[in-house]
Amino acid sequence: DSGVTQTPKHLITATGQRVTLRCSPRSGDLSVYWYQQSLDQGLQFLIQYYNGEERAKGNILERFSAQQFPDLHSELNLSSLELGDSALYFCASSVGMGGSYEQYFGPGTRLTVT
Amino acid sequence: GESVGLHLPTLSVQEGDNSIINCAYSNSASDYFIWYKQESGKGPQFIIDIRSNMDKRQGQRVTVLLNKTVKHLSLQIAATQPGDSAVYFCAEIVPFDYKLSFGAGTTVTVRA
């Protein structure tokens, strides 16, 4: 158990809908990262927050957004969903902001868009 | 032991043998490298890391080798066990960056 929690574990929704994925980092970790894992693209970095502020952006679509709240939990919002958005979404956390801090991954949310 | 010279998506290894998993990283500016293990239904789990000023680093039953000349990273697992069956990813980070850039992954299957 990494100490990172993600909810829900599974999510099935229809195209065009909007969903919210939730992540609680390990106690004491200030950084939260979101990754998408699909069969054809592998593990792709989406976005990072540190202590409530956005710090880095990867290949995140404009239909996707995220935020980190004062209690440090984070939410990833996916809207106007398409079939290609079906994937595993992982949250990771680390104590520091820099890339050299070990990132601990949660169990993931499996999103299926039908 | 089982080994591959180039990255292959799958590796089958006999229990008790040594495994070698290869990874070619993409960015010559990367200065920090990590191997992750992902078991079915779980998130990636840190195994071992190495910085670019090192060629080799050893952990418990695992060794990572770094060849910066050819941008190649390898993970050696000694005495492979059934619990080592998983997908293994290498990841790289460039200086002053925050994100992990993951390789394609190798699925390791341990034969009893």
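Each value in this text was obtained by applying a stated rule to the coordinates, not by laboratory testing. Since the structure is predicted, the reported quantities are computational estimates derived from the model, not experimental observations. Neighbour counts are summed over all protein chains in view; Cβ atoms, including those assigned to glycine, are modelled from backbone coordinates with ideal geometry.
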Exercise. Calculate the mean, over all residues of peptide B:97-107, of how many other protein chain Cβ atoms lie within 10 angstrom of the residue's Cβ.
Key: 6
Quiz item: In the protein assembly as shown, what cysteines have no partner Cβ closer than 4.7 Å?
Solution: none
Exercise. Enter the mean number of other protein chain beta carbons within 10 Å of the beta carbon of each residue in B:40-48, as an integer.
Key: 5
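Evaluate Rg over Rh across chain B, taking Cα atoms for both radii and Kirkwood's formula for Rh.
Rounded to two decimals, Rg/Rh equals 0.95.
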Quiz prompt | Loop-located trypsin sites (Lys or Arg not before Pro) in the stretch A:6-58 whose Cβ has at most 15 other Cβ within 10 Å (DSSP) | solution = A:LYS9, A:ARG18
Practice problem: Within 10 Å, count the other beta carbons around each residue, average over each peptide in B:50-57, B:97-104, and list them highest first. | Solution: B:97-104, B:50-57
Quiz item: Mind ordering B:85-94, B:58-67 by average Cβ neighbours within 10 Å, highest first?
Solution: B:85-94, B:58-67
Practice problem: Provide the convex hull volume over Cα atoms per residue for chain A, in Å³. | Solution: 91
Quiz item: Which whole-number percentage describes the relative contact order of chain A, with Cα contacts under 8 Å and a sequence gap of 6 or more?
Solution: 37
Self-check item: Partner chain coverage, peptide B:86-96 - average Cβ within 10 angstrom
Solution: 2
